[in-house]
Amino acid sequence: MSLVSIDDLRVSFAGTQVVRGISLTIEPGECVAIVGESGSGKSVTARSLLGLAGPGSRVEASRFLLGGENALAFGERQWRRVRGRFAGLVLQDALVSLDPLRTVRAEIAESLRRPGPSAALAPAGSTRQRVLDLLTAVGVPEPETRLGHYPHQLSGGLRQRVLIASAIAADPPLIIADEPTTALDVTVQAQILRLLAERKAAGTALLLISHDLAVVASVADRILVMKDGLVVEQGSTARVLGEPTHPYTRRLLAAVPSAASRGHRLSDGTRVTAERPRSDEVVLSASGLSFSYGTRTVAQDIGFVLHRAETLGVVGESGSGKTTLARLALGLLKPTSGTVTLLGSPWSGVTEKSRRPLRPRIQVISQNPLDSFDPRYTVARLVSDHRRLPEERIEELLEYVGLDLSFAARRPRDLSGGQRQRVAIARALGYRPDVLICDEPVSALDVSVQAQVLDLLADLQAELGMAMVFISHDLGVVHHVSDRVLVMKDGRVVESGEADDIFFDPGHPYTRELLAAVPGPVVGVAAIGE
Amino acid sequence: MWAAATASWLALLVAPGDVTSILLGDGADTPEIRAAIAREWGLDQPQIVQYLSYLARLLQGDLGRSYTLQQGVGDLLAGQLGPTVELMLAATATGIVLALLLAVATAGRGRWLRGAVSGVQLAWVSVPPFLVGILLLFVFSFTLGWFPVSGARDTSALVLPALTLGLPIAGSLGQVLREGLERAQEQPFAVTARARGLTESALVVRHTLRHASLPAVTLAGMLTGSLLGGAIITESLYGRPGLGQLTLTAVTSQDLPVMMAIVILAAALYVLISTVLDLLYRIIDPRLRSA
Amino acid sequence: MAGVLAPTPWAPRLGARIVTAQLFLLLLALAAAVPSLLTPVDPLQADPLTALAPPSSEHWFGTDHLGRDVLARVVHGARFSLGISLAATGLALTAGLLLGLAAGLAPRWLDELMTRAFDVLSTLPEILFALLVIAIIGPGTANVVVAIAIAQLPNYARVVRAQTFVVRRSGYVEQAVTHGHRPWVITTRHVLPNVLGPLPVLATIGLGTAIVAAAGLSFLGMGPQPPAAEWGAMLSEARNYLRVAWWEAFFPGLAVTATVISLTVVGRRLQRRFEGRPSERGVG
């Protein structure tokens, strides 16, 4: 008997269908992945398996069997029996998915509390022991000391393990994991995926929800690709990744930046023909840069040079000092020691007044462009930026980034994430900068939008000859865009060199660790491009 | 508190009107008597000396003497403190209980009930306390005759004043609690908790109420101010003895030492309550303990 | 989510609540500006023969203990209430804005000092603070304005300072720095407008508290002196006749309450719109 057997599932909110008739079966011990971009309806689908599609939702199906029982007839009582005991839920980012005001022990024990059919449920006295066992099972070191800890006292990886422990506490035959690794660093992500694979090996079925095909590739038996509330393609993992039949799946695969995608446009897979001129002229350089907040050193002895029209990738996990590097390069932080030179002029250690004339030469785009927009401004006013640019110039700048003049009067709040980033780029271009600092510019975007923005940046760079410092936690993205790469860890540069050398022949053990943690393999652009 | 003392002393300094005249009252007015009074009250000293000796006396717990009542301010306050504290405690309790009941009962419920209750709460917050008092008096004392009109003889005389003062608290506290509950119910951890099979009421008790109480505690700190202010008006309305009456007499007779003492008392009350709330905050939110 | 993206802020769903509130405030403004338009009767005209008459077709709101028309007194009272609270709010807002901006833009030590001072002062109960001011400068209409203004000032100053602080450290101000704009351009084009933005909302809600405070002080006998028709003062007189003439207290009380509720409703609506949240859920 299938654990889950659903036909023609439809979920709507206030008359709008967000899931428009999908079928889903999960066999015991099987791992099924649903992959899709935001708004595809994948999370709603997953939550409707627990009767938690959300307030105001309307769930219909021609068949909805959970463990052989008809869930369409379930009342709140029966649903509560499903939750935790039939299926455990693991959400993204345990910092908010675990109650921040309660201890690890209380959160896990909550799943044990109710008496149930599973005889494994222990009497109250041994709850503590059971929680300890669970923590051990999910690989939390020193479980004894962790019992009384609160979520904020744990690292991201440990938190996610605790969340998984609470999901498997009542020993459900199914775990539903909704973007379980999205907020995590790549090495931690690899550990969590391994843990989920272990649960599967132990016989638990998995429903894995992700925006990232690469993440699910290593664990899933079958993949469903969702778009706009429909399943556009499904099949075995190898088949879907290796021989995608639906154009959307192909586009999605081609859009993933990686080593293989270098020299190709991500949005359509065509080869980039225009040769980017490389020059030896140094536009930005830094040597011996250090920075500390009080006693905490967040950057130490960083040095690099950036040539005209070149892209320098900076890769590292959270807390590695990437953003500090960006702020030092922008002259927004005063280095504790070391110097920055921009276009041959001293950039650090001089007054803001003497920096000001050079400021337009170095511009920045960041992960969340909305923060960098004055909330009262329209797109035109943002791009014009107090310089009374003529309308033709604004139109030209918007055209550069693939927007038309109809956007001029709109406010960034009403735009999509990708459009906002385009506006930020247009504004930066308005200054004809020699250097563009990109601080995680695509991290908040869906993969297909990310592909468009990366293509746009590549086109603009080829056309305008800007140099770029491209900061990202995503190794694939960095490899795709960079000529040369800095690998950062704990505020230091551990390795630097030509991109291909670093990624194909890493010298430093940390770089090797990072590369080994990248999930995959995804069959890249080669399969469809030329 | 030192700041409050200094501020009120500075206020005294810039006060128009001559302190000696107030002290003089209706008595004979000759330069000799004026000089004598000034000497007796230390008014002939330079300002800075006056200020320092004021602070010194304050440190010893001496709040000075009333200009008009010819009595130590400390004794005056001590005599009137009891009924006011009683009133404030009763009002706080009333407010908190009502707020909790309404918030838990209505959070996330149907729009009709929520609309109605939020309307009632809006009224409680908006209606000035003296008006609530008059309304209560009219209904319960004059029309129904359940409670006495004035005085502080027994507990039944405390009911209406406590309600008068407590309803606005219940209103704003209840709103904050309800909004906090609803916000917490939409958080990912609430989804996780539901996914463990928790009932909605268990969710409230174990998870969301604690989250909702955080902004409520912050608000409670701000409400203590209005509590003392409201007590002044409530006491005047119900003719209850207490600090309110004392304040009003002091204001009308420009008895500044008494006013200053009351301001200092308010500051002390604030310090006390915010310390307690700070502690409470730390108990509720573990994230603040390690910080 | 379409509602959030709807371009017109005046979109249809204007709830009955907000419309009623706005209409009432309009009426109130009219009463304060030209009271004779709403009632021809002189609010001070006493007629002992008709004292304490219940509401009738002749006296819609009845008469008070001196035989004055309660409707006329309530209508004329709008000028006092609105006048006092508008003046007080205006004063407090202006001074609070200047002080708050000064603190927010000042060097750190001065900012610390001023912020401490605002903090200490805003802990004092508003009405007690106002009473302290009145104890020093004496009662009276103008003095009540000053007292309320001084009592409310620290709050405005605090909010403005906090807002200045946030805006100065915002992403868009930093971005403006990277564009090489001069400090005064950044201050006038980004900091000031964004600090001023929330003030109308704040002032609307502050106006409500000012009205309560004004009525409260008058109720305690510190405001406009009898026989002036001020709502708080009317209530204070009326409470002695509560047993026999509920209307004398009821109508001025209703006026205060309705004013404050209307201001709160409008203020919250403004706030929600300002914060870009959808309009109040579940009520309408």
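The values are calculated or read from the model by the stated rules, or taken from the named source; none is laboratory data. This is a predicted model, so every value here is computed, not measured. Here Cβ is always computed from backbone atoms with ideal geometry, including for glycine, and neighbour counts include all displayed protein chains. The protein model used for the area step is the full one, side chains on, heavy atoms only, and it has no ligands, DNA or RNA in it. Shrake-Rupley method; radii C 1.70, N 1.55, O 1.52, S 1.80 Å.
What the table below lists for this structure:
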read-out	value
Accessible area of segment B:83-290 divided out per residue, in Å², using a probe of 1.4 angstrom	38
Under 9 Å, Cβ to Cβ, from residue A:186 - net charge with Lys/Arg +1 and Asp/Glu -1	-3
Degrees, to the nearest 10: C:126-137 long Cα axis against longest axis of chain C	70
Residue with peak Gaussian network fluctuation, chain C [Cα springs, cutoff 10 Å], from C:24, C:274, C:61	C:274
Accessible-area composition of the protein assembly as shown, carbon plus sulfur, in percent [1.4 Å probe]	59
Given charges at Cβ of Lys, Arg, Asp, Glu: chain A dipole, positive-most of A:78, A:292, A:253	A:78
Accessible area per residue in Å² at 1.4 Å probe, computed on segment A:135-188	30
Interface residues in segment C:117-159 - accessible area drops by 30 Å² or more relative to the isolated chain, probe 1.4 Å	C:120, C:123, C:124, C:125, C:127, C:128, C:131, C:132, C:135, C:136
Neighbourhood charge, 13 Å Cβ-Cβ cut-off, centred on residue C:114 and excluding it, Lys, Arg +1 and Asp, Glu -1	+1
Student exercise, the protein assembly as shown dipole from Lys, Arg, Asp, Glu Cβ charges, in Debye to nearest 20	980
Shielded by partner chains, segment C:165-182 residues - at least 30 Å² of accessible area, 1.4 Å probe, vs chain alone	C:172, C:174, C:175, C:177, C:178, C:179, C:180, C:181
Total accessible surface hidden between B and C, rounded to 100 Å², 1.4 Å probe	3700
Exposure rank, largest accessible area first [C:76, A:473; 1.4 Å]	A:473, C:76
Summed buried accessible surface, chains A and C, 1.4 Å probe, nearest 100 Å²	1900
Label-point separation, residue A:278 to residue A:245 (7 Å along Cα→Cβ), nm	4.4
Rough spin-label spacing in nm, given labels placed 7 Å along Cα→Cβ, for residue A:501 and residue B:289	5.2
Space enclosed by the convex hull of the alpha-carbon atoms of chain A, per residue, Å³	168
Prolate/oblate/rounded call for segment C:108-169, Cα gyration tensor, a/c under 1.5 rounded	prolate
Acute angle (nearest 10 degrees) that the helix C:16-33 long axis makes with the longest principal axis of chain C, alpha-carbon atoms	70
Leading residue at positive end of dipole, segment C:146-284 (Cβ point charges), from C:232, C:170, C:211	C:170
Three-way shape label, segment B:83-290, alpha-carbon gyration tensor, a/c 1.5	oblate
Cα-derived Rg over Rh, computed across the protein assembly as shown with Rh taken as Kirkwood radius	1.02
Amide N proximity, segment C:250-270 versus residue C:26 label position 7 Å along Cα-to-Cβ, cut-off under 16 Å	C:262-263, C:266
Per residue value of the accessible surface for segment C:151-268 (all protein chains in place, 1.4 Å probe), Å²	33
Nearby lysines by direct alpha-carbon distance to residue A:334 (threshold 28 angstrom, same-chain neighbours under 8 apart not counted)	A:322, A:353, A:489
Heavy-atom accessible surface that A and B bury in contact, both chains counted, 1.4 Å, Å² to 100	2200
Fraction of antiparallel bridges per DSSP, the protein assembly as shown only, in percent to nearest 5	55
Residue-level accessible surface for residue B:159, protein heavy atoms, 1.4 Å, Å²	50
Debye, to nearest 20: dipole size of segment A:216-313, +1 on Lys, Arg Cβ, -1 on Asp, Glu Cβ	180
Check: chain C dipole with +1 on Lys, Arg Cβ and -1 on Asp, Glu Cβ, in debye	1240
Rounded to 5, the percent of DSSP beta bridges in segment A:4-254 classed as antiparallel	55
Candidate lysines - alpha carbon under 19 Å from residue A:42, same-chain residues fewer than 8 apart omitted	A:227
Net charge of Cβ neighbours under 13 Å - reference residue C:204; Lys, Arg +1; Asp, Glu -1	+4
Among beta bridges that DSSP assigns inside chain A, antiparallel share in %, nearest 5	55
For the protein assembly as shown, with +1 on Lys and Arg beta carbons and -1 on Asp and Glu, the positive-most of C:128, C:75, A:23 along the dipole	A:23
